[in-house]
Each structure stands twice: as C-alpha cells, then as structure tokens.
1. Each label point is 7 Å from the Cα along the Cα-to-Cβ direction; what then is the distance between the points at His3 and Val28, in nm?
2. State, to one decimal in nm, how far the label point of Arg62 lies from the label point of Ile108, with both points 7 Å from Cα in the Cβ direction.
3. For segment 69-74, what does the Karplus curve 6.51 cos²θ - 1.76 cosθ + 1.60, with θ = phi - 60°, yield as ³J(HN,Hα) per residue in whole Hz, taken in order and with x for Gly and Pro?
Amino acid sequence: MAHITKEQVVAACYMGRRVFAGELEIKVAAETLHNSYGINLASAHDFINDYRHLMNGNVFHRAMSAGAMRHFMSSILDTHGIDAISNAVKALRAHIDYWEGHCKTNAIKMRKVADEFQQVCESQSTEDGYRWAFERGVEKSLSDSQAKRPFMSKRPSGIKE
C-alpha cells in the first residue's frame, strides 16, 4: 500500500465532511481526491465512507493509519463537537474489534486513538477536559506554519469549488 501523506489525509477528511454534509456527491469527491491529490480511487472512496461511518457511529471495515484516524477524529471533534466524537469513538471501537478479529492482530496504535478521544468525551465538562482541549488546540496551531493556520476552516489547496 502506498504511503498516504498528511496533505492527502487532510484533503480526504475535508471531502468526507463535504459528502456527509450533502455538499458533494461521493463520486465527485473521490475523483477530486484522485485527480488533485493522487489518492487511489478505491482508497478515496474508503476514506469518504469511513468519515460517514464515524459520524453515524457505525462499524467500518476499511482501515486507515492511526495518524490519519487521529486527524479524522480531531476534525470531527473540532467541526461537530462532543456528540459527534462520541459516535466516532463508538464506530472506531467497533472497527478495532472487527479488525482485530479479521486480521488476528492487536490494533495498539488505533486503541490509543480511541482511548484519547474517549477521555475527551468523559472529561469534556470538567476543568481537565477544557484544559486538554485548549492545550490540544495550542499544540495544533504551533505545529502548523502561519500560512497554514487559517487553512483549518478552509478547503485544502488544489481543490476547486
């Protein structure tokens, strides 16, 4: 499997969000990911479908890396809030159970992602939860260049309306 770059993950998450919101058809979004970002067409569909399953709290069978999942989960939390991330944690845990049973492996990194966001759900209304969210936002901002910071709420470069 080809390595998926951070830029491709960000674009796939953005397209998944737009398809879920009803702003784009999945075929158009997948073709855009393929043509503009070089993501295999089947993988583009998988990313978009995984986003939908995360939002709906349903098991999904197509895998992504723990880093990509962390980005999807962070985006869901930032964009849709605590109820949506609660659904996403439920879907991710179901995916982990499926994956471990199907592949006879331990999804240790993916479990860490699920645990991280489960903790957010459990501590959201506490002072620790607010502090965690603030610190996460600062870390996220500091890790991006100044040119990329406004990008978080905008569409990825290379994607036309």
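Read-outs throughout are calculated quantities, based only on the coordinates presented, and are distinct from any laboratory measurement. As the structure is a prediction and not an experimental result, all values here were calculated from the model. Every residue, glycine among them, receives a Cβ derived from its backbone with ideal geometry; neighbour counts consider all protein chains shown.
1. Once both label points are built, they end up 3.4 nm from each other.
2. 2.8 nm
3. 5, 4, 5, 4, 5, 4
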